[in-house]
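*Asks:* Following this message is one structure expressed as structure tokens.
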Amino acid sequence: MARQIAFLLKPFLRAVIELIFYAPIWLTIGIYLLPSAQLPLWAALLVIVYCVPQFVFRSGKAIKNGYRILSVAILGILPVALLAALLPAQIDEWAWIACGLVGIAFVESSFRSLLHNWYNSFSTLIMLIMLFAAVGLQILKVITLAKLALFNSIFFALGIVACILFLYIHNERTVRDQQMIDNASTTIRRSVAMNRLYITIIALVVVGIALIRSVQEKLEQWLKQLYQWLLGWLSREPAAEQQPVEQPQQPQFDLGELEEASEPSRFWLVLEQILKWLAIAFIVVAVLVAIYYIVTKLIPLLLKLIHRMLNRRALLKQSGEGYTDEIEGIIPQKNKHKRKRVRGLARPSLKQWSKLSSREKVKALYVLALSFGLKQGEPIAASKTAQENLKLLMKDQPTTEIYNELLHSYNEIRYGNVEPDAQHVEGLRHKVEEQKN
């Protein structure tokens, strides 16, 4: 029962979340091209067409490309077609085109989540871009898009909800990656609980500020109306009949012809132009200095913050406790990222061996010993120290002596910065190779 409820609610919640983040796009188009009363209906239709592929298809891998493109086109145009059927006289060609493209993009996002998983299709980068778009829209609203000012409260509320959802979603995704590494760690569980608590506190503070601001605006509006009413009441005169009073005829004086004011001299005109251009130059320089400060100071800090938020692996690297030894290897650096652990390492050829230094030869022997152990099924792991790994290979007295000697040489070159003797390394090589045979 719980799984069925989760199956029904998950697509709906994802559709609502994406609708909130994409509000700067679809809501702006709807405000300019659709009647205001039909905006809630259009939003509901977008949520419905998003959920249809989620309920029909369990996985996107079985969907053919042609069938997917046809489904996206039909479902994407369906919302604006229904609106046109209800209001045939108020939906023009531009509304058909713009609203149809919005619907197609929204349905394609649903199919993309089936193909690539919602965590990848609706990534953290997309959420950040839409948050910055919401901020930029507030600036455009003041400059050019004046009609959006009528819906300022809606944009403000959706922006706050989007910020809170971004914090929660990013935290849960990061925690999910950490739990895949070590679910039983008490440190991770504690950090999960603390992160959720901090985000909840931040969300409550933001919502409280928003509510207080709305109450403050209503209070200011009420006080302003009360003040205007009081001024009107105080300035009101009693409605008494006023007797017409004859105005005495003013005496006429011959003032002669009035002289027109003379224009300022050339000096003052030139001085006015100089001061005006100096003021303009000062404003331009101040703007350029502000832009330079923003570009050189704030943008690198912002990029660094975004990089830290997007780089989840940095958190995973810092979550380990204690020291973790590395498994040395002579694999080329470009191929190291393809292997998560040492498995089946090939024996270095004589040509490779001759090019290695004595320190590198000891590391290569250590790798060869680990490869022998992996082929024998020993639980060699990168999380173990060199002593723990080699101890798994010590089966009898001869192997114990050989691997103790190898361990001593390895620790000297790795931690003691000691250059080993070349003849000793060659002898150690023959002993290690004998263990394979």
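The values are calculated or read from the model by the stated rules, or taken from the named source; none is laboratory data. Computed from a prediction, not measured in an experiment: that's the story for all the values here. FYI the Cβ positions are ideal-geometry reconstructions off the backbone, even for glycines, and counts take in every protein chain you see.
*Asks:* Go through (1) surrounded by 11 or more Cβ atoms within 10 Å (Cβ to Cβ); (2) more than 18 Å from Phe122 (Cβ to Cβ); (3) modelled with pLDDT under 90 for Pro53 and report which single condition fails.
*Replies:* (2)
*Asks:* When the residues of segment 358-389 are narrowed to those that are under 18 Å from Thr400 (Cα atoms) and among the polar types (S, T, N, Q), which ends up nearest to the chain's Cα centre (by Cα)?
*Replies:* By that ranking, first place goes to Thr385.
*Asks:* Mind checking which residues of segment 15-61 are in contact with a Lys or Arg (Cβ under 7 Å, 6 or more places away or on another chain) and not in a helix (DSSP H, G or I)? Full working, then the answer.
*Replies:* The first filter runs over segment 15-61 and keeps only residues in contact with a Lys or Arg (Cβ under 7 Å, 6 or more places away or on another chain), leaving 31-32.
Listed by number, the list is empty, since nothing qualifies.
For every residue, the table says whether it meets (1) at pLDDT below 75; (2) assigned to a loop (DSSP other than H, G, I, E, B); (3) surrounded by 17 or more Cβ atoms within 10 Å (Cβ to Cβ); (4) touching a Lys or Arg at 6+ places or on another chain (Cβ under 7 Å).
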site: Arg343; (1), (2), (3), (4): yes, yes, no, no
site: Ala369; (1), (2), (3), (4): no, no, yes, no
site: Ala382; (1), (2), (3), (4): yes, yes, no, yes
site: Gln387; (1), (2), (3), (4): no, no, no, no
site: Lys395; (1), (2), (3), (4): yes, yes, no, no
site: Glu405; (1), (2), (3), (4): no, no, no, no
site: Val418; (1), (2), (3), (4): no, yes, no, no
site: Gln423; (1), (2), (3), (4): no, no, no, no
site: Glu433; (1), (2), (3), (4): no, no, no, no
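*Asks:* Looking at (1) of a type in the set (A, V, I, L, M, F, W, C); (2) under 28 Å from the mean Cα position of the chain (by Cα); (3) surrounded by 18 or more Cβ atoms within 10 Å (Cβ to Cβ), find the lone condition where Leu115 falls short.
*Replies:* (3)
*Asks:* Regarding Leu150, is this residue within 13 Å of Leu27 (Cα to Cα), at pLDDT 75 or above and assigned to a helix (DSSP H, G or I)? Step through it out loud before you land on a result.
*Replies:* Details: within 13 Å of Leu27 (Cα to Cα): yes; at pLDDT 75 or above: yes; assigned to a helix (DSSP H, G or I): yes.
The answer is yes for Leu150.
*Asks:* Let me ask something additional. Considering only residues that are aliphatic (A, V, I, L, M) and outside any helix (DSSP H, G or I), look in segment 78-98 and name the one that is nearest to Tyr32 (Cα to Cα). Can you show your working first?
*Replies:* To start, the set of residues in segment 78-98 that are aliphatic (A, V, I, L, M) comprises 78, 80-87, 89, 91, 95, 97-98.
Pick out the ones that are also outside any helix (DSSP H, G or I) and you get 87, 89, 91.
Values: Leu87: 16, Ala89: 16, Ile91: 11 Å.
This residue is Ile91.
*Asks:* Against the condition surrounded by fewer than 16 Cβ atoms within 10 Å (Cβ to Cβ), modelled with pLDDT under 80, within 17 Å of the chain's Cα centre (by Cα) and not hydroxyl-bearing (Ser, Thr, Tyr), how does Arg189 come out, does it pass?
*Replies:* Numbers: surrounded by fewer than 16 Cβ atoms within 10 Å (Cβ to Cβ): yes; modelled with pLDDT under 80: yes; within 17 Å of the chain's Cα centre (by Cα): no; not hydroxyl-bearing (Ser, Thr, Tyr): yes.
The answer is no for Arg189.
*Asks:* Check segment 65-77 and report whether any residue there is part of a helix (DSSP H, G or I), among the polar types (S, T, N, Q), over 30 Å from Lys147 (Cβ atoms) and in contact (Cβ under 8 Å) with a residue 12 or more places away in the chain. Spell out how you get there, then give the answer.
*Replies:* Of all residues in segment 65-77, those part of a helix (DSSP H, G or I) come to 65-77.
After this cut, where a residue has to be among the polar types (S, T, N, Q) as well, the list is 65, 71.
So of that shortlist, the ones also over 30 Å from Lys147 (Cβ atoms) come out as 65, 71.
With the extra rule that they be in contact (Cβ under 8 Å) with a residue 12 or more places away in the chain, the set shrinks to 71.
Scanning segment 65-77 turns up at least one residue that is part of a helix (DSSP H, G or I), among the polar types (S, T, N, Q), over 30 Å from Lys147 (Cβ atoms) and in contact (Cβ under 8 Å) with a residue 12 or more places away in the chain.
*Asks:* Assess whether Gln225 counts as being more than 30 Å from Trp26 (Cβ to Cβ) and modelled with pLDDT of 70 or more. Working first, answer last.
*Replies:* Details: more than 30 Å from Trp26 (Cβ to Cβ): yes; modelled with pLDDT of 70 or more: yes.
For Gln225, the condition - more than 30 Å from Trp26 (Cβ to Cβ) and modelled with pLDDT of 70 or more - is met.
*Asks:* Could you grab me the full set of residues in segment 100-159 that are within 20 Å of Lys10 (Cα to Cα) and among the hydroxyl-bearing types (Ser, Thr, Tyr)?
*Replies:* Ser109, Ser110, Ser113, Tyr119, Ser121, Ser123, Thr124
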